[in-house]
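Beneath this line is the structure, given in structure tokens, with notes to follow.
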Protein chains: 2
Amino acid sequence: MPKISDKAVSMPASPIRKLVPFAEAAKKRGVKIYHLNIGQPDIETPDAFLNAVKTAPVKVLEYSHSAGNESYRKKLSGYYKSYNINIDFTDIIITCGGSEAISIAMQTCFNPGDEIIIPEPFYANYNGFSRSADVIVKPIPSSIESGFALPPISQFEKLITPKTKGIMICNPGNPTGYLYTKAELEALRDLVKKYDLFLLSDEVYREFCYDGKEYVSVMHLSGIENNVILLDSISKRYSACGARIGALISKNKEVMASALKFAQARLSPPSYGQIGAEGALDTPQSYFDGVKKEYIARRDFVIDALNKIPGVFCPKPSGAFYCIARLPIDNSDKFCQWLLEGFEHNKQTVMLAPATGFYSTPGAGTNEVRIAYVLNLEDLNNAMICLKEALTKYPGRTN
Amino acid sequence: MPKISDKAVSMPASPIRKLVPFAEAAKKRGVKIYHLNIGQPDIETPDAFLNAVKTAPVKVLEYSHSAGNESYRKKLSGYYKSYNINIDFTDIIITCGGSEAISIAMQTCFNPGDEIIIPEPFYANYNGFSRSADVIVKPIPSSIESGFALPPISQFEKLITPKTKGIMICNPGNPTGYLYTKAELEALRDLVKKYDLFLLSDEVYREFCYDGKEYVSVMHLSGIENNVILLDSISKRYSACGARIGALISKNKEVMASALKFAQARLSPPSYGQIGAEGALDTPQSYFDGVKKEYIARRDFVIDALNKIPGVFCPKPSGAFYCIARLPIDNSDKFCQWLLEGFEHNKQTVMLAPATGFYSTPGAGTNEVRIAYVLNLEDLNNAMICLKEALTKYPGRTN
């Protein structure tokens, strides 16, 4: 039997999905599970998206342009202008989800062995894409006490070596919900300029900024236009995760010409997703207002409920729909598995993501979990009751 | 300005798309172009596909399972059984087009620097995926005189080094249209077994086998179940190139578990494409009979017309919808560009793919073009008239 590659052996398994067999077993026992473990919103996809797909006059479902349909890219550049991001449609390559945008950006920017600095905790799949591109992730810890604010620039500088080729951020952050301030982004701008690094920014949660706080994009930073790559997706914006439509955006012509070669090799992004996404650009503001109001209510409820549980601490996030909570537990992997295997309360339990999967520093996140507040308030209430109960019974409780 | 990666610099540009600017300029001059340069069929996507998408009761367009919807994979395993390919749904990972299946297979099987032997001419994007995975392609020439039959096994053995980890074929072949015989595949089986190599087989044209010749899949070869990876796509089967639905299929459990990790990193394949593809499995046989009849008529017409042009030779293919023709020209890249830039006949011209892009041996294919017979007979007739005229006027004609 031929041997698989070293990369395949060392490719990380999804930390969110490794608990799935335990969840399936719990369901078979008749236990209802509140899924706070994955960023799959329950919000309905806007009609403008669904109707565009339903009424599309498709006779032959053809390949699109490798960079995506021109009509979609042109209309999409208008969407970005509404966020004061001034890009031309030729600065956009439509990708198969934000995932492919990350993957193409990494291959375009980094040689095998190059280093990328990423504040941790970070979106777990950055590990997979880095491994796939043979890029070395250098994590820089952010702290739960500061709500996962940007670490001091001096800490970044300590990590910079001749191998450092880029910095990657997620803003607003998954899994932290942290929204970087203008000052933080300007400090990153100066750093990127000083060392001539690529700055990759995953901003798929820009519609989810709360408390009147300002969303500042890396595309707003002047003087580093050739360093910046914006990674985007419609998955969360329109609750259309299955569309698999994302975008790679940059003013750097060399980056775009090279990224297009990777895009051409895989021919084109999904046609129906593009049709829906183009239609969805007509979604009325009232849809987003309603969604935002709902998420703020959910966030306020969850953060309050968490901090009322003895021994639990959870900073209040200003964006996205995640939070990282510190629990009085020995090991979050064990705890999350025990919630599915060893616990139930009124035939119910809650599924959480161990924060360990969002750190690349070994041992970090062992007393933290990520909670995606993607369920309605009643379900969230039941989930919080389960968590509270569970923490009183968990054998590995630490205080 | 930060430097892009060496991989991005050396990533091959799509040979089919490099002529696009010349085609656009010709269109602007009012010239009608017959596109025989790309495998985008004009055949209508079956109603069963389109209606499944139109009537899908989607409210939230969710992520699917990373390996694809279970309902689709189960039904799909039934489709393969109709070709005597006995696989379970767990042997299937649904991918974003056949492209992603190739890309994941290469990363799963090969380390950087490993060698893969591919009979040439071969599908041009194999170069891109190999470059992306840092795999070295070792081409083994097949000859137009034999209709691009499998080269002798002794020739393969000459190329095998300690770095050789696999062989890749396309059957029926793009760009050759050649359909491998049972004897050829059994010879490959023995070779693969002898050296314990992976055998990757791209069989996306299995619906397009002509003249009663037998389609033999690598999945039919016994004794090498752990070596074989089938790469598939619905793009041509249902004329649904824009769906971006393919599949990676293997009985090798280690390969499948590793491939799933790559699939999990990118979350899921497109949902609408899967819905359509699942619906399309109910397409009546009459659809395929009609399509096949049409392609046979087109093939017969084109091959006959080509061989009637003085100085042209084109073997008759038994599968797919491509042929490689040898022309009396100095340089196929120059000729195909000249067809768009320097030639027109009654305000019409034809766009072909230079065969050079399908060879990785430098200098090979300079007097060959690939023709995709994806247009109706009237258009094909006009295209052949253009080609015949062009060859009488081309300044670089060689005999």
Query raised in the report: Could you list, in sequence order, the residues of the stretch B:256-268 that are more than 7 Å from chain A (Cβ to nearest Cβ) and either surrounded by fewer than 24 Cβ atoms within 10 Å (Cβ to Cβ) or out of contact with any Leu (no Cβ under 9 Å at 6 or more places or on another chain) (or both)?
Result: B:M256, B:A257, B:L260
Query raised in the report: Among (1) facing chain A (nearest Cβ under 9 Å); (2) assigned to a helix (DSSP H, G or I), which single condition is B:A297 missing?
Result: (1)
Query raised in the report: Which ones in the stretch B:19-46 are in contact (Cβ under 8 Å) with a residue 40 or more places away in the chain and within 11 Å of another protein chain (Cβ to nearest Cβ)?
Result: B:I38, B:G39, B:Q40, B:P41, B:D42, B:I43, B:E44, B:T45, B:P46
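State whether one or more residues within the stretch A:241-260 are at pLDDT 95 or above, in a loop (DSSP other than H, G, I, E, B) and more than 20 Å from A:G78 (Cα to Cα).
Here is the first cut: in the stretch A:241-260, the residues at pLDDT 95 or above are A:241-260.
Retained after the next criterion (residues that are in a loop (DSSP other than H, G, I, E, B)): A:244-245, A:250-252.
If we keep only those that are more than 20 Å from A:G78 (Cα to Cα) too, we end up with A:244.
Scanning the stretch A:241-260, I find at least one residue that is at pLDDT 95 or above, in a loop (DSSP other than H, G, I, E, B) and more than 20 Å from A:G78 (Cα to Cα), so the answer is yes.
Rundown of residues vs (1) open to solvent by less than 10 Å² (accessible area, probe 1.4 Å); (2) in contact with a helix residue (DSSP H, G or I) (Cβ under 9 Å, 6 or more places away or on another chain); (3) more than 10 Å from chain B (Cβ to nearest Cβ), yes/no style:
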| site | (1), (2), (3) |
| --- | --- |
| A:D211 | no, yes, yes |
| A:G223 | no, yes, yes |
| A:L231 | yes, yes, yes |
| A:A240 | yes, yes, no |
Query raised in the report: What number goes with the only condition from (1) within 22 Å of A:L179 (Cα to Cα); (2) open to solvent by less than 10 Å² (accessible area, probe 1.4 Å) that A:A105 does not pass?
Result: (1)
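Have a look at B:S77, B:S82, B:S64 and point out the one that is on the phi < 0 side of the Ramachandran plot, at the interface with another protein chain (Cβ under 7 Å from one of its Cβ atoms) and of a type in the set (S, T, N, Q). Outline the logic, then answer.
On the way: B:S77 fails: at the interface with another protein chain (Cβ under 7 Å from one of its Cβ atoms); B:S82 fails: at the interface with another protein chain (Cβ under 7 Å from one of its Cβ atoms).
Unique residue meeting the criteria: B:S64.
Quick test for you: out of B:E184, B:E100, pick the one residue that is acidic (D, E), within 28 Å of B:R17 (Cα to Cα) and buried (at least 18 other Cβ atoms within 10 Å of the Cβ). Break it down into steps so the answer makes sense when it comes.
Numbers: B:E184 fails: within 28 Å of B:R17 (Cα to Cα).
After ruling out the rest, the residue left standing is B:E100.
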Query - Matching residues in the stretch A:333-342 - criterion: being under 20 Å from A:I38 (Cα atoms) and not polar (S, T, N, Q) - result: A:D333, A:K334, A:F335, A:C336, A:W338, A:L339, A:L340, A:E341
**Report entry** Search result, residues across the stretch A:87-109 that are in contact (Cβ under 8 Å) with a residue 60 or more places away in the chain and in a loop (DSSP other than H, G, I, E, B)
**Finding:** A:I87, A:C96
Requested in this report: For residues that are facing another protein chain (nearest Cβ under 9 Å) and surrounded by fewer than 20 Cβ atoms within 10 Å (Cβ to Cβ), tally how many sit in the stretch B:5-16.
Outcome: 4
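Suppose we keep only residues that are within 13 Å of chain B (Cβ to nearest Cβ) and assigned to a loop (DSSP other than H, G, I, E, B) within the stretch A:269-294. Which one would you say is surrounded by the most Cβ atoms within 10 Å (Cβ to Cβ)?
Checking each candidate, the answer is A:P269.
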Query raised in the report: Counting just the residues of the stretch B:110-127 that are assigned to a loop (DSSP other than H, G, I, E, B), of a type outside the set (D, E) and touching a residue at least 24 places away in the same chain (Cβ under 8 Å), which one comes out surrounded by the most Cβ atoms within 10 Å (Cβ to Cβ)?
Result: B:P121
Query - Selection count, the stretch A:274-321, where residues are in contact with a strand residue (DSSP E or B) (Cβ under 9 Å, 6 or more places away or on another chain), free of Cβ contacts under 8 Å to residues at least 24 places away in the same chain and more than 19 Å from A:G173 (Cβ to Cβ) - result: 1
**Report entry** Among (1) modelled with pLDDT of 95 or more; (2) more than 30 Å from B:V228 (Cα to Cα), the one test that A:G39 misses
**Finding:** (1)
Query raised in the report: Only one of A:V216, A:V204 is assigned to a loop (DSSP other than H, G, I, E, B), farther than 23 Å from A:Q107 by Cα and in contact with a Leu (Cβ under 9 Å, 6 or more places away or on another chain); which?
Result: A:V216
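The values are calculated or read from the model by the stated rules, or taken from the named source; none is laboratory data. Source: prediction; values computed, not measured. With ideal geometry, Cβ positions are generated from the backbone for all residues, glycine too; neighbour counts draw on all protein chains shown. Side chains are part of the model used for accessible areas, which takes the heavy atoms of the whole protein and leaves out ligands, DNA and RNA. Shrake-Rupley method; radii C 1.70, N 1.55, O 1.52, S 1.80 Å.
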